[in-house]
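The values are calculated or read from the model by the stated rules, or taken from the named source; none is laboratory data. Everything quoted here is computed from the prediction, not taken from an experiment. Because the Cβ atoms are built from the backbone with ideal geometry, glycine has one as well, and the counts that use them run over all protein chains shown.
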Ligand code: DHB
């Protein structure tokens, strides 16, 4: 198989990249080891930055403005009181609640309708000749048949266990941080308990009240990284959530999905080598607090699409040479924001009374100052693209 850009991974990053490239007249082939059904049913976060929404809205058939819901603020709750952060008032921008798997359904439908070469059930095993003008992706299809995709450029949009990343810095290169907690996430059948998201710091630990629709809600609470998602009864889950959002009476309903999300911060040391680059979760992981994951993937892809257009249409390698530095600028800002929201809102298992009081002082200083609220709102709604 021969193409201009070989993309490994049909998640948001890979699909949006193929869309942008096609719009510029550049061919691509996308490989993904999962089936279409698996991709469309993977439950991830639900908050999209303004810039992400503006981009998704340009994709034919996108439901982001019809099914997605605009949110003009969030609430930070601590010491039993709520404090609203007014996004448009502080930044002129908003966010949208639109679950990632719904965005994926739109993207897959649009790419397939446009005739995109998109191959499911194909496992990439390695990238060969990264430093040449003809890098190759080695792969195995669902019948066990090995084949290669030869391209002008290879992109790894293949998630946190990226195979493409190994062609850049080996499996060792990167910056890591672990956290001593995780999130227990649920989906339940119930009407919303609040109109906007509530990020709650309580003496018993963090909880996040999010939404999905008029009839389905998403909620999370801080738990141990070793927690077993099947070990708690529904009554125990509701007691845990209720205790952590004092002042709100949560509307309970049947829980039909539960999962434990590990917390990790990671940035790969090398984002590009020769004619191979990585984007999205292949390049970085953020802890979920603040919902930066998919938004950061979209930002990487916008930069890489511009760089590939310059390289492949005009023979100009300048933007590609600047790609890693430009992408890193936003990646580290988002890493800081995700770490900061996580640290400010969660109860560390080893926290002393000093740590706890300091954290409340930090929260009061953020909500009590327009500058503090504005920093949070700018980061949450997404820094404007250059
Ligand atoms: C959701 C997830 C997040 O990590 C977050 O910060 C906000 C919302 C969600 O899944 O709804």
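Numerical summary
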quantity	calculated
Residues (away from the ligand (no atom under 13 Å from the Cβ) and in contact with a strand residue (DSSP E or B) (Cβ under 8 Å, 6 or more places away or on another chain)) located in the stretch 274-289	275, 276, 277, 278, 279, 282, 283, 284
Scan of the stretch 290-307 for residues that are within 16 Å of the ligand (Cβ to nearest atom), touching a helix residue (DSSP H, G or I) at 6+ places or on another chain (Cβ under 6 Å) and on the phi < 0 side of the Ramachandran plot, ordered by number	292, 294, 295, 296, 297, 298
Per-region count, the stretch 190-240, residues more than 16 Å from the ligand (Cβ to nearest atom) and assigned to a strand (DSSP E or B)	1
Of all residues in the stretch 46-68 being closer than 19 Å to residue 378 by Cβ and in contact (Cβ under 8 Å) with a residue 40 or more places away in the chain, the one that is farthest from the ligand (Cβ to nearest atom)	55
Qualifying residue in the stretch 338-345 (condition: under 29 Å from residue 53 (Cα atoms) and away from the ligand (no atom under 16 Å from the Cβ))	no
Test result for residue 377, touching a helix residue (DSSP H, G or I) at 6+ places or on another chain (Cβ under 7 Å) and surrounded by 22 or more Cβ atoms within 10 Å (Cβ to Cβ)	yes
Residue 30 being within 20 Å of residue 160 (Cβ to Cβ), away from the ligand (no atom under 16 Å from the Cβ), in contact with a helix residue (DSSP H, G or I) (Cβ under 6 Å, 6 or more places away or on another chain) and not in a helix (DSSP H, G or I)	yes
Matching option when the condition is more than 16 Å from the ligand (Cβ to nearest atom) and surrounded by fewer than 14 Cβ atoms within 10 Å (Cβ to Cβ), among 271, 313	313
Residue ID - surrounded by the fewest Cβ atoms within 10 Å (Cβ to Cβ), chosen from residues in the stretch 83-100 that are assigned to a strand (DSSP E or B) and away from the ligand (no atom under 16 Å from the Cβ)	86
Which listed residue, of 103, 110, is closer than 18 Å to residue 291 by Cβ, outside any strand (DSSP E or B) and touching a residue at least 60 places away in the same chain (Cβ under 8 Å)	103
Among residues of the stretch 158-188, those that are in contact (Cβ under 8 Å) with a residue 24 or more places away in the chain and either part of a helix (DSSP H, G or I) or more than 16 Å from the ligand (Cβ to nearest atom) (or both), counted	17
Odd one out for residue 247 among (1) on the phi < 0 side of the Ramachandran plot; (2) exposed (fewer than 15 other Cβ atoms within 10 Å of the Cβ)	(1)
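Residues are listed down the side, and each one gets a yes or a no for (1) within 21 Å of residue 3 (Cα to Cα); (2) crowded, with 17+ Cβ neighbours inside 10 Å; (3) at pLDDT 95 or above; (4) touching a strand residue (DSSP E or B) at 6+ places or on another chain (Cβ under 7 Å):
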{"position": "108", "(1), (2), (3), (4)": "yes, yes, yes, no"}
{"position": "112", "(1), (2), (3), (4)": "yes, no, yes, yes"}
{"position": "148", "(1), (2), (3), (4)": "yes, no, yes, yes"}
{"position": "163", "(1), (2), (3), (4)": "yes, yes, yes, yes"}
